[in-house]
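The values are calculated or read from the model by the stated rules, or taken from the named source; none is laboratory data. Note that the coordinates shown come from a computational prediction; the quantities given were computed from them, not determined experimentally. Reconstructed Cβ throughout: ideal geometry from the backbone, glycine too, with neighbour counts over all protein chains shown.
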């Protein structure tokens with residue numbers, strides 16, 4: 001919720017009195033200021049998606065739906081992190097701290113801007129996809145093969161030419177509707193868009209994923225199998241890059257999950273311990289910034305801090 005710390009008297013100015021170089025990142029659903037109707041409302045992932053125009057663009061043609069898992073939470077966390085790091089870099093130059101106001105809905109507004117710009121500057125709103133296919137371009141999106149699903153992007157002059165030969169549409173090349181040099185097939189503006197989809201669906205349904213990947217690799221058409229979660233850790237690319245790893249939890253159990261990304265060459269990241277328990281590091285952090293044992297206990301007694309039992 002909005003200015004939660006300021007309501008308790010902990011304003012930016014109070015904090016800067018103690019440390020003028022402090023970088024403060026406020027993360028809330030609707031921001032630190034605005035209208036009372038929204039600023040103090042609680043918010044979670046789906047709330048931010050709905051209020052930002054991001055949710056209405058996702059889902060199927062018949063119904064919008066939020067993007068999971070918890071997209072707005074993750075994007076907002078990344079935004080807060082990068083903003084704080086940028087501010088810390090600036091503090092080194094100026095010696096002056098910063099306060100950053102991150103509204104989750106504005107993060108998602110930015111993430112969903114691609115199609116919105118057409119509406120804001122021309123009144124055109126992109127339709128939602130149908131069965132996972134790109135709302136604008138034929139040959140782009142989710143498709144079903146004989147033994148599972150792939151995603152593909154039919155983009156490029158030679159890619160379209162060679163693909164059309166395979167699916168029996170070579171006679172449409174170099175026509176007024178699909179002139180020489182065409183790099184994308186618009187499924188709405190091109191009168192042959194529906195036919196391209198029909199022929200492509202039939203061709204893909206008659207071939208296995210392995211066959212499609214092999215042929216598309218020859219044609220330099222971007223595609224990928226839609227992997228199931230159990231397939232991830234045995235995939236050769238995952239194995240080669242150690243994309244899935246394991247570590248020890250604080251109570252001695254083995255935990256498996258995604259490895260650190262991105263990968264730094266000279267100073268690689270590392271998992272140096274498991275996730276701390278609630279309050280495990282509180283006392284150490286507070287002591288490091290000057291709090292005494294009595295100060296910490298006072299915060300705990302007031303319910304303002306949690307330390308490990």
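Only a single criterion out of (1) in contact with a helix residue (DSSP H, G or I) (Cβ under 8 Å, 6 or more places away or on another chain); (2) part of a loop (DSSP other than H, G, I, E, B); (3) within 30 Å of residue 19 (Cα to Cα) is not satisfied by residue 67, namely (3). Among the residues of region 15-30, the ones that are in contact with a helix residue (DSSP H, G or I) (Cβ under 7 Å, 6 or more places away or on another chain), farther than 14 Å from residue 72 by Cα and part of a loop (DSSP other than H, G, I, E, B) come to 2 in all.
Scanning region 157-177 for residues that are within 14 Å of residue 139 (Cα to Cα) and part of a loop (DSSP other than H, G, I, E, B) returns a single hit, 169. Taking region 162-179 as the range and being surrounded by 16 or more Cβ atoms within 10 Å (Cβ to Cβ), more than 25 Å from residue 226 (Cα to Cα) and either in contact (Cβ under 8 Å) with a residue 40 or more places away in the chain or out of contact with any strand residue (DSSP E or B) (no Cβ under 8 Å at 6 or more places or on another chain) (or both) as the test, the residues that pass are 169, 172. Evaluate the following for residue 86: is it surrounded by 12 or more Cβ atoms within 10 Å (Cβ to Cβ), in a loop (DSSP other than H, G, I, E, B) and at pLDDT 95 or above? Against the criterion (surrounded by 12 or more Cβ atoms within 10 Å (Cβ to Cβ), in a loop (DSSP other than H, G, I, E, B) and at pLDDT 95 or above), residue 86 does not qualify. Condition check for residue 48 on (1) under 30 Å from residue 289 (Cα atoms); (2) touching a residue at least 60 places away in the same chain (Cβ under 8 Å); (3) assigned to a helix (DSSP H, G or I): one failure, at (1). Has region 193-200 got at least one residue that is touching a residue at least 24 places away in the same chain (Cβ under 8 Å) and touching a helix residue (DSSP H, G or I) at 6+ places or on another chain (Cβ under 6 Å)? Yes, region 193-200 has at least one match.
Whenever a residue of region 235-249 is within 18 Å of residue 225 (Cα to Cα), its partners that are surrounded by 11 or more Cβ atoms within 10 Å (Cβ to Cβ) and at pLDDT 95 or above, lying with C-beta atoms within less than 7 angstrom and at least six residues away or across chains, give the pairs 235/227; 238/232; 238/244; 243/259.
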